[in-house]
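S.K.: Please find one structure pasted underneath; my questions will follow.
The values are calculated or read from the model by the stated rules, or taken from the named source; none is laboratory data. Note that this is a predicted model, so its numbers are computed, not measured. As a convention, Cβ positions derive from the backbone with ideal geometry for all residues, glycine included, and neighbour counts pool all protein chains shown.
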Amino acid sequence: MKINQLQIEIDGIDKEILRDLMEDARKPILQIANKIGISGAAIHQRLRKLEDAGVIAGSKVVIDSKVLGYKTMAFIGIYLDKASSNADAVRELKKIPEVLECHYTTGNWSILIKIICKDNEHLMQLLNKKIQPIDGVSRTETFISLEQQIERQIHL
């Protein structure tokens with residue numbers, strides 16, 4: 001791995017390790033080591049360097065929200081009355097557990113959020129009682145996702 005001022009260059013072994021862990025973060029280190037043909041200690045060293053360099057930001061368990069009854073995913077463009085309302089609006093959006101992502105954007109909206117709801121009724125309640133009443137929100141535009149067709153990370 002080479003580190004220059006703006007980005008990190010990783011070699012083929014690092015890419016192979018990362019691909020395996022992106023596929024299954026619980027894959028045993030020794031299994032990866034045997035596949036690549038280097039020691040488990042070497043894998044641990046490389047992983048530590050990748051973490052220290054910020055390439056690996058963590059690992060997580062992915063939950064299928066549909067199994068838990070959350071069947072409606074939506075994207076909501078939020079128009080703010082003024083740009084200075086952004087920090088307060090985001091602080092309030094963080095309090096809403098159904099908000100999965102929040103992006104400060106260019107274009108018509110000030111903020112774009114991704115939310116997960118049990119159904120359309122739940123979505124309507126969130127919009128009417130939690131999102132639209134936030135100080136600074138002038139209006140919203142909602143897009144319901146019918147089906148997520150691609151979900152992936154960066155290709156290595």
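Conditions tested, residue by residue: (1) over 30 Å from Met22 (Cα atoms); (2) in contact with an Asp or Glu (Cβ under 7 Å, 6 or more places away or on another chain).
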residue	(1), (2)
Tyr70	no, no
Asp81	yes, no
Asn86	yes, no
Pro97	no, no
Lys114	no, yes
Glu147	no, no
Glu151	no, no
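S.K.: In region 135-156, what residues are in contact with a strand residue (DSSP E or B) (Cβ under 8 Å, 6 or more places away or on another chain) and either modelled with pLDDT under 95 or not small (Gly, Ala, Ser) (or both)?
M.R.: The answer is Val137, Arg139, Thr140, Glu141, Thr142, Phe143, Ile144, Gln148.
S.K.: Taking region 120-146, which residues are charged (D, E, K, R) and loosely packed, with under 12 Cβ neighbours inside 10 Å? Working first, answer last.
M.R.: Keep residues of region 120-146 that are charged (D, E, K, R), which gives 121, 129-130, 135, 139, 141.
Within region 120-146, Glu121, Lys129, Asp135, Arg139 qualify.
S.K.: Same structure again: Output the number of the condition that Ala57 fails; it satisfies all remaining conditions of (1) at pLDDT 95 or above; (2) on the phi < 0 side of the Ramachandran plot.
M.R.: Only one criterion is unmet by Ala57, namely (1).
S.K.: Please pick out the residue among Leu18, Leu30, Leu47 that is touching a residue at least 60 places away in the same chain (Cβ under 8 Å), out of contact with any strand residue (DSSP E or B) (no Cβ under 9 Å at 6 or more places or on another chain), farther than 30 Å from Ile111 by Cβ and assigned to a helix (DSSP H, G or I). First the steps, then the outcome.
M.R.: On the way: Leu30 fails: touching a residue at least 60 places away in the same chain (Cβ under 8 Å); Leu47 fails: touching a residue at least 60 places away in the same chain (Cβ under 8 Å).
Exactly one residue qualifies, and that residue is Leu18.
S.K.: Given the conditions (1) assigned to a helix (DSSP H, G or I); (2) touching a strand residue (DSSP E or B) at 6+ places or on another chain (Cβ under 6 Å); (3) among the small types (Gly, Ala, Ser), which single one is not true for Ser85?
M.R.: (2)
S.K.: Return the residues of region 105-156 that are within 22 Å of Val67 (Cα to Cα), of a type in the set (Lys, Arg) and part of a strand (DSSP E or B); say none if nothing qualifies.
M.R.: Scanning region 105-156 gives a single hit, Lys114.
S.K.: Say whether the condition of being part of a helix (DSSP H, G or I) and in contact (Cβ under 8 Å) with a residue 12 or more places away in the chain is met by at least one residue in region 91-104. Outline the logic, then answer.
M.R.: So the first thing to find is which residues in region 91-104 are part of a helix (DSSP H, G or I), and the list is 91-93.
Next, only the ones that are in contact (Cβ under 8 Å) with a residue 12 or more places away in the chain stay: 92-93.
Within region 91-104, one or more residues are part of a helix (DSSP H, G or I) and in contact (Cβ under 8 Å) with a residue 12 or more places away in the chain.
S.K.: Looking at region 59-76 only, could you name the residues that are surrounded by fewer than 16 Cβ atoms within 10 Å (Cβ to Cβ) and touching a helix residue (DSSP H, G or I) at 6+ places or on another chain (Cβ under 9 Å)?
M.R.: Ser59
S.K.: Which pairs turn up if I take residues in region 141-156 that are over 16 Å from Lys114 (Cα atoms) and look for partners that are hydrophobic (A, V, I, L, M, F, W, C) with beta carbon separation below 7 Å, at least 6 apart in sequence or on another chain?
M.R.: Gln153/Met22; Leu156/Leu18
S.K.: Which of (1) over 18 Å from the mean Cα position of the chain (by Cα); (2) under 30 Å from Ile116 (Cα atoms) is the odd one out, the single condition Asp11 does not satisfy?
M.R.: (2) is the only condition that Asp11 fails.
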